[in-house]
Structures are given as C-alpha cells and as structure tokens.
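K.L.:
Sharing a structure with you now.
What follows draws every value from the coordinates through simple rules; no lab data is involved. Predicted model only: the values in this text are computed from it and were never measured.
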Amino acid sequence: MSKIRIEPNKVFIDPVNQQFTKKQVYKLLFGQLIGLVILTMIAFGLLSEVIAYSAGLAGLISWIPSAYFAWRVFGVGGVSNPKLVVRQFFRGALEKFIISISLFALVMLWVRPLHFSVFLMSYVVCMIGIPFSTMLFGRRFGNT
C-alpha cells in the first residue's frame, strides 16, 4: 500500500510514490501531446486518413481528461493544504471519468467513418502508456 505525503508545491501522483512538481507534470503532459501529434502524423503518412484520425482522437480522449485532472489537482489552490489536495484529487478523478465517458460517447456518435478497432486499441495503448511515461519521466528527474 502506498503512502501519501504532501509537501509544498509537490504531491505524489502515481502508484510508485513518485513525486512531481507542477512544472514537471505540465512538461509530461506537453510531451505526451507532442508524441500524440507525431504518431498521428506518421499514421496519416503511412496508413490512411481514417486510421490516423481514429488513433488521434483516441489519444486526445486519453490526454484531455489527464490534462484536466492535472489542472484540477495542481492548478486550483496550490498543493500546500493537504485537505484541499485530497478533495481536489477525488473531485478531479470523478470529473476525469465523466469527461472520458462523454468524449468517448461523442466520438462514437458523431465521427463517421471511424475505424473502431484502431480507435479502441489506441485508447487502450494510451491508457497503458500513462504509468510508463510517469515512471520514465520520474527517472529522468531523479524521482525514483
């Protein structure tokens, strides 16, 4: 079981107790967005337009709620008050879930044509990639 410790301008945000500052979290999110754009452009060049935007939309559906969650935890009121951090953490997690479901439903209803298997597989890969990118990012900044 992981311990939760809150220090000024830092909070533990993943299951391996890595600690990130607000600036590091935003750099991580920016890096994920750049990776998403590059991979979507590669898919567009090598495969097809439908496959590329299906994968790109799945990546955005993974990235947008994560960015919102980071803003909710770090952007509202800072991280110096432990009770506020915990409240923002749970509120952000619930809102992240609602945003994810809403975006998923909107894409399923409005985007035609959609390569569903690529869309679903890309979403799963992005969700699996989040913990790996935080571990790699933490090693880069000496947080492990």
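K.L.:
State log₁₀ I(q)/I(0) for segment 18-140 at q = 0.09, 0.10, 0.15 Å⁻¹ as given by the Debye formula over alpha-carbon point scatterers of equal weight, solvent excluded.
P.N.:
Rounded to two decimals, the profile gives -0.28, -0.35, -0.73.
K.L.:
Tell me, how many Å apart are the Cα centres for segment 45-119 and for segment 24-39?
P.N.:
Using only Cα atoms to place each centre, the spacing works out to 13 Å.
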